[in-house]
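Please read the structure below before turning to the comments.
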Amino acid sequence: MIVQPVLVVAAALFSLGIYGILVRRNAVMVLLSIELILNAVNINFIMFDTMLADTMMQGQIFTIFIITIAAAEVGIGLAIVLMLFRNRQTANINEFDLMKW
Amino acid sequence: MEIFEIVIYFILLGLISTAIRVVTTSNVIHAAISLVFTLALSAILFLILSAEFVALVLVLVYIGAVIVLFLFGIMITRAPLGKNAELDNDKNKKMGAAISGSIFLLFSYILINNFDGEVNIASGSSTELLGEILLTRFIFPFELVSFVLLAALIGGITLARKDEALIDKDQV
């Protein structure tokens, strides 16, 4: 199995996530795009782990840690979005300009 | 072996198309469902690359829990269900496409130039070895990550609940 197509697809997923972060207006959609980026990183880690045939399997272990941290990040992120929604009655990030001068 | 390669190319094609749908669809629920398909396809890819434990963790944690959280978030913040033209910031579209396109070109240039070769997929399970390494060599990060999860749990509750007791009524 050839390595390069998988790596290129992971790069494509990463850049699609960047596009989503820049373009989306709803804060929950931005969090979805961040998940896309994390998934691209996971694919790269697993691919390199298989490619290098590491005896310590550090690629897989890192992927498990990334998945755990991502779950924590989604919990906190949605809590913040919820709090913003409660205070401002909207989840559109272009209306959260409280810290702009 | 040839059929195997064709299957992998179909999975990669599906990954790209569902990921494009996540960031371009104008329906919030469709975006979340497309993310489910993206994650499921990457779990299949992990299975093919003989990382079956990671694939199962991905299915359990992401498709089982995180997507449900996202759907809750969509429903609670009352994002308009159905088609919604307001979802995208049209001003940023050109700039976003330029930035993400250049990132993609740069990354794929570096990856294609530096990493070449074939992977021969080993048969058999890697879960037993993975558990052993995780609980010996990586035991400290393992414990640390459980502490992070506890902190996220407490932080999520503290942020999301409406705490009347903390608000000093005399000062407001």
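The values are calculated or read from the model by the stated rules, or taken from the named source; none is laboratory data. It should be emphasised that the depicted structure is a prediction, and the values quoted were computed from it without experimental measurement. Quick reminder, even Gly has a Cβ in these numbers, built from the backbone with ideal geometry, and neighbours come from all protein chains shown.
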Subject >> Those residues of the stretch B:1-31 which are closer than 19 Å to B:ILE67 by Cα and among the charged types (D, E, K, R), in sequence order >> reply: B:ARG21
Original post:
Any idea which of A:LEU36, A:LEU52 is surrounded by 24 or more Cβ atoms within 10 Å (Cβ to Cβ) and aliphatic (A, V, I, L, M)?
Top reply: A:LEU36
Original post:
Which helices (runs of 4 or more DSSP H) sit wholly inside the stretch B:1-59 and have at least 3 residues that are closer than 28 Å to B:ILE121 by Cα, at the interface with another protein chain (Cβ under 7 Å from one of its Cβ atoms) and touching a residue at least 12 places away in the same chain (Cβ under 8 Å)?
Top reply: B:2-24, B:28-48
Original post:
With respect to A:MET47, is the statement that it is outside any helix (DSSP H, G or I) and at the interface with chain B (Cβ under 7 Å from one of its Cβ atoms) true?
Top reply: no
Original post:
Out of B:THR136, B:THR158, which single residue is part of a loop (DSSP other than H, G, I, E, B) and without any contact (Cβ under 8 Å) to a residue 24 or more places away in the chain?
Top reply: B:THR136
**OP:** Determine whether the stretch B:65-73 contains at least one residue that is part of a helix (DSSP H, G or I), β-branched (Val, Ile, Thr) and at the interface with chain A (Cβ under 7 Å from one of its Cβ atoms).
**Re:** yes
Subject >> Residue count for the stretch B:72-97, restricted to those that are at pLDDT 90 or above and under 23 Å from the mean Cα position of the chain (by Cα) >> reply: 2
Original post:
Counting only residues that are crowded, with 24+ Cβ neighbours inside 10 Å and not β-branched (Val, Ile, Thr), which one in the stretch A:1-13 is farthest from the other protein chains (Cβ to nearest Cβ)?
Top reply: A:ALA10
